[in-house]
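Below you'll find the structure, written out as structure tokens, and then a few comments.
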Amino acid sequence: MNVTADLELCQGHQMCQFEAPDVFGYDGDADKVVLLDPHPPEGLREQVSRAVKYCPAMALSVIELAEMPAPNNEMEAHD
Ligand code: SF4
């Protein structure tokens with residue numbers, strides 16, 4: 001998985017760092033998120049998903065890497 005952060009949108013809430021501290025850091029001077037690991041291992045997927053979901057600025061997104069085997073990419077319900 002490939003993680004991106006839109007620094008234009010980021011408001012420095014640091015929720016992402018709380019949810020996935022191995023993937024997201026925080027630059028206090030810039031008051032912005034810092035991507036510590038743009039390609040986190042599958043084991044961190046749940047944490048990353050929570051960070052994306054709970055980012056108040058909706059600044060984070062996950063893009064699947066093309067070379068990854070697609071497990072079951074049928075439509076998923078989002079609430
Ligand atoms: S939770 Fe969102 S707004 Fe807050 S630091 Fe992370 S990316 Fe930025």
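Taking the criterion of being part of a loop (DSSP other than H, G, I, E, B), more than 7 Å from the ligand (Cβ to nearest atom) and touching a strand residue (DSSP E or B) at 6+ places or on another chain (Cβ under 6 Å), the residues of the range 1-21 that qualify are MET1, LEU7. Residues in the range 1-19 that are within 8 Å of the chain's Cα centre (by Cα) and more than 12 Å from ALA59 (Cβ to Cβ): there are none. The residues in the range 22-53 that are part of a loop (DSSP other than H, G, I, E, B) and exposed (fewer than 14 other Cβ atoms within 10 Å of the Cβ) can be counted, and the count is 7.
Do the conditions hold for PRO40, that is, is it over 14 Å from the mean Cα position of the chain (by Cα) and either away from the ligand (no atom under 14 Å from the Cβ) or modelled with pLDDT of 95 or more (or both)? First the steps, then the outcome.
On the way: over 14 Å from the mean Cα position of the chain (by Cα): no; either away from the ligand (no atom under 14 Å from the Cβ) or modelled with pLDDT of 95 or more (or both): yes.
Against the criterion (over 14 Å from the mean Cα position of the chain (by Cα) and either away from the ligand (no atom under 14 Å from the Cβ) or modelled with pLDDT of 95 or more (or both)), PRO40 does not qualify.
The values are calculated or read from the model by the stated rules, or taken from the named source; none is laboratory data. Small disclaimer: the values here were computed from a predicted structure and weren't measured. Cβ sites come from the backbone with ideal geometry, for glycine too, and all protein chains shown count toward neighbours.
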